[in-house]
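Okay, so here's the structure we're looking at.
What follows draws every value from the coordinates through simple rules; no lab data is involved. Quick caveat, the model's predicted, so the values are computed rather than measured. Cβ atoms come from the backbone with ideal geometry, glycine included; neighbour counts cover every protein chain shown.
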Ligand code: ADP
Ligand code: MG
């Protein structure tokens, strides 16, 4: 069973009297441990799709559309279960980091674990959670920046904080929307290396949205989106051995 499956998703935005059809029947299925890239030009509906997968928005009614996580549709979940899905099952990384500017790095990561927890549950686990947040920040190379504020960090460092935050609740799926879109190529590449490292270590299921074919090529599989539909789904071909045998 796929960990995440989307069936026939439609999404049309309404701008005054104009309908803007963005998704026109998107289906896709992601296996546990897979690293999938969703590739498409700007405006092709990638962020819209990712928001639907993350449970942050809902597809248009009708069309027999649904999104199922672990075999259960999001539509069948209660409000509390959906909150749980958004904050614990899924970890989100955005192009512009979305950190709290007034909070130190450590608190930015820790805050993910506070959401939806009772005060008592939070207080009793606080020490363990601080240790986990610290370990994650060390893992992303920011062990020496725990008490800095985001404004004191470079773009690449801010994205590292955002990745640590996204991993804080041990999400079953990491969803990243253009995680290198605001970074120069070299910094972006180091962020992708970091995600590769996480994947190699924990077999983290990842969905990475990008307009950049080189970024997509690093995934196990690329789903290409154009005009609101999936136009192809390709496994990354393993590099064939060059030269002669033996
Ligand atoms: P991508 O992430 O691939 O660049 P988006 O999913 O952000 O594409 O947007 C797809 C299209 O939907 C774009 O034409 C965009 O202008 C439009 N769009 C996105 N969000 C909204 C919205 N809230 N209201 C109206 N149109 C929107
Ligand atoms: Mg986008």
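Numbers at a glance
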{"read-out": "Volume in Å³ per residue [convex hull over Cα atoms, computed for region 75-170]", "value": "100"}
{"read-out": "Rg and Dmax [Cα atoms of region 19-95; Å; Rg one decimal, Dmax integer]", "value": "12.9, 37"}
{"read-out": "Distance from region 83-146 to region 180-215 (C-alpha centre basis), Å", "value": "20"}
{"read-out": "Cα-Cα separations in region 117-228 greater than 18 Å, expressed as whole percent", "value": "55"}
{"read-out": "Separation of the residue 41 and residue 115 label points, Cα + 7 Å toward Cβ, nm", "value": "3.3"}
{"read-out": "At R0 = 35 Å, FRET efficiency that the Cβ-Cβ distance of residue 189 and residue 77 yields, to 0.05", "value": "0.40"}
{"read-out": "Reciprocal of mean inverse Cα separation for the chain (Kirkwood radius, Å)", "value": "19.0"}
{"read-out": "Bridge type composition, region 88-246 - antiparallel percent by DSSP, nearest 5", "value": "40"}
{"read-out": "Estimated FRET transfer efficiency when R0 is 45 angstrom, pair residue 131-residue 15 (beta carbons, to 0.05)", "value": "0.40"}
{"read-out": "Percent RCO, i.e. relative contact order, over region 89-178, from Cα pairs under 8 Å lying at least 6 residues apart", "value": "57"}
{"read-out": "Isotropically averaged projected area of region 188-238, using the convex hull of Cα atoms (one quarter of hull area), nm²", "value": "3.9"}
{"read-out": "Label-point gap, in nm, between residue 152 and residue 217 - each point 7 angstrom along Cα→Cβ", "value": "3.9"}
{"read-out": "Approximate spin-label separation residue 233-residue 8, in nm, with each point projected 7 Å along Cα-to-Cβ", "value": "1.6"}
{"read-out": "log₁₀ of I(q)/I(0) at q = 0.16, 0.25, 0.30 Å⁻¹ - region 118-172, Debye sum with one point per alpha carbon", "value": "-0.52, -0.99, -1.18"}
{"read-out": "Prolate/oblate/rounded label for region 57-122 (Cα gyration tensor, a/c 1.5)", "value": "oblate"}
